[in-house]
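Down below is the structure, laid out as structure tokens.
The values are calculated or read from the model by the stated rules, or taken from the named source; none is laboratory data. Bear in mind the structure is a predicted one, so any value in this text is a computation, not a measurement. Virtual Cβ from ideal backbone geometry, glycine too; neighbours counted across all protein chains shown.
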Amino acid sequence: MALLEIKDVGKKFGTLRALDGINVSVGENSFHGLIGPNGSGKSTLLKAIAGDHYADEGSIIFNGLDITQRSPEFRAKNGLNLKFQITSIFPELSCYDNILLSIQSMQSVWSLITSRGKDSLNDKIMDTLEQFKLADRAETLAGELSHGLQQWLEIAMSVIRKPKLLLLDEPTGGMSPEERRATGELLLPIKNHTTLVIVEHDLEWIKDICDNLTVLDQGKVLDDGSVEQIEKSEKVKEVYTTRV
Amino acid sequence: MSEQKNTRRYIPIIEIILLVGLISAPLFINEFITVILTRMLILGLLAISFELCWGYSGIMTFGQGLFFGMAGYAVALFANKAGFVQIWGVIPIGIIVGTITSFIVAWLLLLGKKPPEIIFVALGTLTFSYAAERLVSGWYWVGGGNGMSIFDFLSLGSYEIEAGLVFYYIAGLTLLLVYLASRFLVRSQFGLVLAGTRQNEKRLAFLGYRVRTFKALVFTFAGAIAGLGGALYAHHEGFIGPNNMGIGISTMAVLYALFGGAGSLLGPIIGVLAIESISFNLSDIEAIKSFWPVVLGIILLGVVTFKPDGILGFLVTQRERIGTFGRIKKRKNKRKNDLES
């Protein structure tokens, strides 16, 4: 059964039709890539899944729930997480506190006031910081990290929550080739418990990490299938050779 | 040296100096100044209530005067219409009136379907304050434009608490308890959510937080503190009027926090002490007696413009104000123990 079903989703911005009858199905514990030329609707689709904006048409079914018009809070509480295209962290909090803020959202307001969960979360937070090579910077302000490390911190904030579905909008944007390779390595272990939908421009990187790809062009699905199928697709080749 | 590396902590030192200074102050000042200082301590409650909203939660409110004044009028009515002036009742009445009023405002302005803009809340609270001020100004049952005098002293049993030394320590103890409760809140995991709200509200929503609920809770808590302040103020001054619940006093709460240093609980208290002391001394200088408020305005403008982090900003860094919430040290000890074993 698919974890995420996107059925005939459409989205308009004024007269511009950013998404037009999109149908995508993402299976559980798979890594799914969304690729396409600039302006093809990749980020718009990702934001519609996360709740950053709402689809005008169609439906988005996540884990059996129709989340099309549900708030981002609802989606996050039900195991859906987004890493923004432009790094979105808490720059004046330490790396440790960024992670704590992310994981404590499952606690009740009363337990937050009494700080009940703080000690029990410590080891888990430190393990995640170590996993993302940030343990030595636990006390460093997030805003003082390099761009690449900020990206990792934001991914770590999502990964520690063990979401059912993690949406990554250009996770390697602005990174060096070495950092991109390391990012891929950091993501692979989460496959046991998390499904990943990734928007990425670096085709080589996304082909290495993903099981399936959906190619978007001008707000429509151009092709959909395994990495091998997409590599052989004539339609995709045409778009990428003529327009990218 | 970067802020990151500057680990010196000034806030605890300032807290101790302030506490010792305020406890021992009556030894060195006369009764008249004690009364002035008591008023400052009570206004400190109002300033903290604003600071919790703005400095910690990003809610720009001009409504703290409303909760302050509503509670003041409530206890004045209890005193004048029912003859009730017992402190064990006056304080809860102030808290309850402040809580209920601020909850209603929070429900109307903060708990809508979409997160409200800062300007919407600022103008909304400003409108409520203005409307309330106009309402009581024209309502003769509550004294109209003349306000209400309270003729009976605040009492504990048959003991009457006049403005003076005993009232000073009651106000000081109240401020201390409110300060400690507020510090507990802003240093808790709840406070971490508030710190996140200030920095990146949108991100919090995508982590599953219903930010509006957190804001409404803080706003209501702050309203309760303002109400407590209003109740004490009305009994201390023996008077409550439209000016004590309108835009004027609401704006003063903003100035106290900005002048002292927003982003900490100490800043607003220092702001009250500084602004009220400057006002008191300026108004006493013969040469500027007719235009001292202009001089005060220039001083306030100068500090707010050239030192946006207020007086406290001369000593306390932004990093220290925000602080840390996790327990990293414990883990370090654990790792050290692991290595040793």
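Values computed for the structure shown
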quantity	calculated
Check on residue A:138, over 22 Å from residue A:79 (Cα atoms), touching a residue at least 12 places away in the same chain (Cβ under 8 Å) and not assigned by TED's automatic domain parsing to the domain that holds residue A:36	yes
Selected residue (only one of B:112, B:21, B:55, B:44 is more than 22 Å from residue B:197 (Cβ to Cβ) and either in contact (Cβ under 8 Å) with a residue 60 or more places away in the chain or in contact with a helix residue (DSSP H, G or I) (Cβ under 9 Å, 6 or more places away or on another chain) (or both))	B:44
Subset of segment A:87-113 that is within 7 Å of another protein chain (Cβ to nearest Cβ) and among the hydroxyl-bearing types (Ser, Thr, Tyr) - its residue that is nearest to residue B:190 (Cα to Cα)	A:105
Residues (buried (at least 24 other Cβ atoms within 10 Å of the Cβ) and either touching a strand residue (DSSP E or B) at 6+ places or on another chain (Cβ under 8 Å) or small (Gly, Ala, Ser) (or both)) located in segment B:56-73	B:57, B:63, B:65, B:69, B:71, B:72, B:73
Segment B:175-223: number of residues that are away from chain A (no Cβ under 11 Å), of a type in the set (S, T, N, Q) and surrounded by fewer than 20 Cβ atoms within 10 Å (Cβ to Cβ)	0
Which listed residue, of B:67, B:62, is closer than 16 Å to residue B:106 by Cβ and either touching a Gly at 6+ places or on another chain (Cβ under 6 Å) or modelled with pLDDT of 95 or more (or both)	B:67
Qualifying residue in segment B:140-156 (condition: of a type in the set (A, V, I, L, M, F, W, C) and assigned to a helix (DSSP H, G or I))	yes
Helices (runs of 4 or more DSSP H) within segment B:171-261 that include 3 or more residues under 13 Å from the mean Cα position of the chain (by Cα) and closer than 30 Å to residue A:117 by Cα	B:211-237
From the options A:47, A:133, residue that is in the same structural domain as residue A:23 (by TED's automatic domain parsing), modelled with pLDDT under 95 and either surrounded by fewer than 17 Cβ atoms within 10 Å (Cβ to Cβ) or in a helix (DSSP H, G or I) (or both)	A:47
Some residue of segment B:30-39 being more than 19 Å from the chain's Cα centre (by Cα), part of a loop (DSSP other than H, G, I, E, B) and closer than 30 Å to residue B:105 by Cβ	no
Filter result for residue B:25 (surrounded by fewer than 24 Cβ atoms within 10 Å (Cβ to Cβ) and more than 27 Å from residue B:317 (Cα to Cα))	yes
